[in-house]
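**Student:** Got a structure for you, written out below as structure tokens; questions coming shortly.
The values are calculated or read from the model by the stated rules, or taken from the named source; none is laboratory data. Just so you know, these numbers come straight off a predicted model, no measurement behind them. Ideal geometry is used to build each Cβ from the backbone, glycine not excepted, and the neighbour counts take in all protein chains shown.
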Amino acid sequence: MPVERELADLVAQRLDEAYLREILVRLLQTPTDVPLGQTELAPEDPKLARYSREVIAPALARLGYTRLTIDDANNLVCRIGTEGASPSLLLMGYAVAQHGNLMADPYSGRIASAAEYGLDEPCAFGQGATQHKGALAAGLAALKLVAESGVPLRGQLVFAVNTEGRSSHTCSRLILDGQGVRADHGVLLFATGNRISLGNRGRLDVRITVRGRSAHSSQPWLGLSAIDGAYEVQTRLRALQLAARHPQLGAAQATLYQVQFAPIAPHTLPDTAVLTVDRRLLPGEDPDAALAEIRTAIGDLSPYQVEVAPGALMYPAEVPPDAPIVRALQAAARATLGRELETFYLPNTFDAGYANHVGIPTVMFGPGIRRLGSEVTAEEFVALSHVRDAARVYAYTILSLLGTV
């Protein structure tokens, strides 16, 4: 019997769907959300510490995986197989739930039909279900299958849980650089509707500070209002023409999304304005060149003083459709699901950019259909069948790439 058929049969017979459901519910019942009124969550937050140290780490230990490290930011890294061996595979899941903020019962983990939302089959409800908790549960179920398969690994598997909650690469740096993680291939366990995300845009926040002089609003000629200076910056930014384009991700983009003035006082013209521009980066674009474009577009704003400085940076990502990790995932889907996976590109920004930046060809794949319109704060759920399918693909990919079958 061909090796592919043996692996497919092994995955079909060994996947523990009861465990898959149990661990998914456990993840959903553990709060990891960004609270209403906040836009980010620090990795050191006690609920993320609990998630990594009291939920994920014990779950891995019960599967026999004990080579665990958890850093001060509560990022978890589990090494399986031969240390430093090749081939090697990185599977990285996430902790922070950023949406579903208005769910009536965000930690229920209830199993019910989502027919009223257009998905008439058993689904698991809870904050983070749509984003990554379904994918993380599928990854843990795949690890259980690998542990119980009896197939030794000739390479190394690195399973990580990332506590990033500030829309930056900080925790990826702590995992990949701080904990010395490198791999030949990478998969981010994140909701893609069980499609393969081959690439996404990056992001550079550009902070523009405009300084004038305060004055009482009854005598504005005594000052130099930062409001007027900020208006002129916006006018010049609207005239900025960005030439870069990508066949799937479209045009480069610069969007002003925040303006702050100081001081805020009665009848007072502010002397300082801080404008923040979201400069979306396409694969191949240089962040320094993107910053220089904005600086040039603003130019001399005398008599105002202007400073243009870089803020948070997240790299773009792009992996060729015929990359080995893509071929491995497609082979896994053909063998376990009887079909190939759709590939696509995301306009958003994700951590795949940093993994690719440090030389790990990384894609995103996982269950969950993200709803980013008006439903972004509403109910979150993931179909159990989609989580099962992802677990099969993860398990087959691990065994086909790393197993001695």
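**Student:** Could you grab the pairs with beta carbons closer than 9 Å, sequence gap of 6+ or different chains, first residue in region 4-16 and without any contact (Cβ under 8 Å) to a residue 24 or more places away in the chain, second one outside any helix (DSSP H, G or I) and surrounded by fewer than 20 Cβ atoms within 10 Å (Cβ to Cβ)?
**Tutor:** Pairs found: 9/1.
**Student:** State whether the residues of region 362-380 include one that is surrounded by 20 or more Cβ atoms within 10 Å (Cβ to Cβ), among the β-branched types (Val, Ile, Thr), in contact with a Ser or Thr (Cβ under 9 Å, 6 or more places away or on another chain) and not in a strand (DSSP E or B).
**Tutor:** There is no residue in region 362-380 that is surrounded by 20 or more Cβ atoms within 10 Å (Cβ to Cβ), among the β-branched types (Val, Ile, Thr), in contact with a Ser or Thr (Cβ under 9 Å, 6 or more places away or on another chain) and not in a strand (DSSP E or B).
**Student:** In this structure, is residue 105 in contact with a Phe, Trp or Tyr (Cβ under 8 Å, 6 or more places away or on another chain), free of Cβ contacts under 8 Å to residues at least 24 places away in the same chain and not hydroxyl-bearing (Ser, Thr, Tyr)?
**Tutor:** The answer is yes for residue 105.
**Student:** Given the options 135, 147, 85, name the one that is touching a Gly at 6+ places or on another chain (Cβ under 6 Å) and in a loop (DSSP other than H, G, I, E, B).
**Tutor:** Answer to the selection: 85.
**Student:** Let me confirm something: among 126, 81, which residue is crowded, with 22+ Cβ neighbours inside 10 Å, assigned by TED's automatic domain parsing to the domain that holds residue 148 and either more than 22 Å from the chain's Cα centre (by Cα) or not hydroxyl-bearing (Ser, Thr, Tyr) (or both)?
**Tutor:** Result of the check over 126, 81: 126.
**Student:** Another one. Count, please, the residues in region 310-328 that happen to be of a type in the set (Asp, Glu) and either within 10 Å of residue 185 (Cβ to Cβ) or outside any strand (DSSP E or B) (or both).
**Tutor:** Looking only at that region, the number is 1.
**Student:** Right, another one. Tally up the residues in region 247-268 that are part of a loop (DSSP other than H, G, I, E, B) and among the aliphatic types (A, V, I, L, M), please.
**Tutor:** The total comes to 4.
**Student:** Report every pair of residues separated by at least 6 positions or lying on different chains whose Cβ atoms are under 8 Å apart, first residue within region 39-54 and closer than 15 Å to residue 136 by Cα, second among the small types (Gly, Ala, Ser) and crowded, with 16+ Cβ neighbours inside 10 Å.
**Tutor:** 48/95; 48/165; 51/95; 52/95
**Student:** Please find, within region 269-295, the residue that is farthest from residue 319 (Cα to Cα) out of those that are more than 23 Å from the chain's Cα centre (by Cα), among the hydrophobic types (A, V, I, L, M, F, W, C) and part of a strand (DSSP E or B).
**Tutor:** 269
**Student:** Another one. Is it the case that region 348-370 has a residue that's among the β-branched types (Val, Ile, Thr), farther than 27 Å from residue 177 by Cα and at pLDDT 95 or above?
**Tutor:** No, region 348-370 contains no residue that is among the β-branched types (Val, Ile, Thr), farther than 27 Å from residue 177 by Cα and at pLDDT 95 or above.
**Student:** So is residue 56 assigned by TED's automatic domain parsing to the domain that holds residue 149, among the β-branched types (Val, Ile, Thr) and assigned to a strand (DSSP E or B) or not?
**Tutor:** Against the criterion (assigned by TED's automatic domain parsing to the domain that holds residue 149, among the β-branched types (Val, Ile, Thr) and assigned to a strand (DSSP E or B)), residue 56 does not qualify.
**Student:** Test each condition in (1) of a type outside the set (Ser, Thr, Tyr); (2) free of Cβ contacts under 8 Å to residues at least 40 places away in the same chain; (3) more than 30 Å from residue 397 (Cβ to Cβ); (4) out of contact with any Lys or Arg (no Cβ under 9 Å at 6 or more places or on another chain) for residue 180 and report the one that comes out false.
**Tutor:** Result: residue 180 passes all but (3).
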